[in-house]
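The values are calculated or read from the model by the stated rules, or taken from the named source; none is laboratory data. Keep in mind the model is a prediction, meaning the values are calculated, not measured. Using ideal geometry, Cβ is built from the backbone for each residue, glycine included, and neighbour counts are taken over all protein chains shown.
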Amino acid sequence: MKALTEAQKRGKELEILQAATRVLSGRGFDALTMDEVAKEAGLAKGTLFLYYNHKEDLILAMFSAMAETLAKTINGVASAGLPPEETLRKTICALLEHFDKKRDITGYSGGLPLSGPRKEALRARFSANMEAIAAALTRCSADGLLRLEDPLFAASALFGLCRGSTSYARAAGHKLPLEERARRITGIFLDGTRKKR
């Protein structure tokens, strides 16, 4: 049997992560076993173990890949040199798209049964996301759109608004277009909800 190239190995890892995501989103965390992922990926279980030694390694890789993709997207927005309003809108849209695409599994991220170095590595990825959002907001602040006391706190609040709007849409059955949700979140983030006097 011919050895796989590095590109083929990366492709196989991506297939495995996509299969794991489908199992988690379709059947829940308890169904996420190495057997189920191997079956979903169309692999022998032994082949799966060549890539991930434990279920926890697979979970970490899956959520790390999601977090890394989001951080790259947000960092791209922050460094694009856009006007502040456009930077904020594109940051919000990127968060909403992330939650929309991964809506069935993003709720697990805070309650994953990982421990020790595994959980710390994942926390570091999530922290990088907050730092990327904070960088985008700091750019908006430097251009005069926002006044930030604590950029990381503001990033966390914006993240929560975006995540909450996805939960609202799912629970209430509302199907607002992404741009409309982004407009509403921008309004709440910039102006709050206090009645104007």
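Odds and ends about this structure:
- Per the listing K9, K2, K72, the residue uniquely in a helix (DSSP H, G or I) and more than 30 Å from M130 (Cα to Cα) is K9.
- Of the criteria (1) out of contact with any helix residue (DSSP H, G or I) (no Cβ under 7 Å at 6 or more places or on another chain); (2) closer than 12 Å to T87 by Cα, which one S167 fails: (2)
- Any chance L43 is modelled with pLDDT of 90 or more and touching a His at 6+ places or on another chain (Cβ under 7 Å): no
- Count of the range 73-88 residues, restricted to those that are out of contact with any His (no Cβ under 9 Å at 6 or more places or on another chain) and free of Cβ contacts under 8 Å to residues at least 60 places away in the same chain, is 8.
- Failed item, numbered, when D57 is tested on (1) modelled with pLDDT of 90 or more; (2) surrounded by fewer than 17 Cβ atoms within 10 Å (Cβ to Cβ); (3) of a type in the set (D, E): (1)
- Pairs are defined by a Cβ separation below 7 Å, a sequence spacing of at least 6 or placement on different chains, a first member in the range 1-28 that is assigned by TED's automatic domain parsing to the domain that holds G42 and over 18 Å from K45 (Cα atoms), and a second member that is modelled with pLDDT under 85 and not in a helix (DSSP H, G or I); the pairs so defined are S25/D104; S25/I105.
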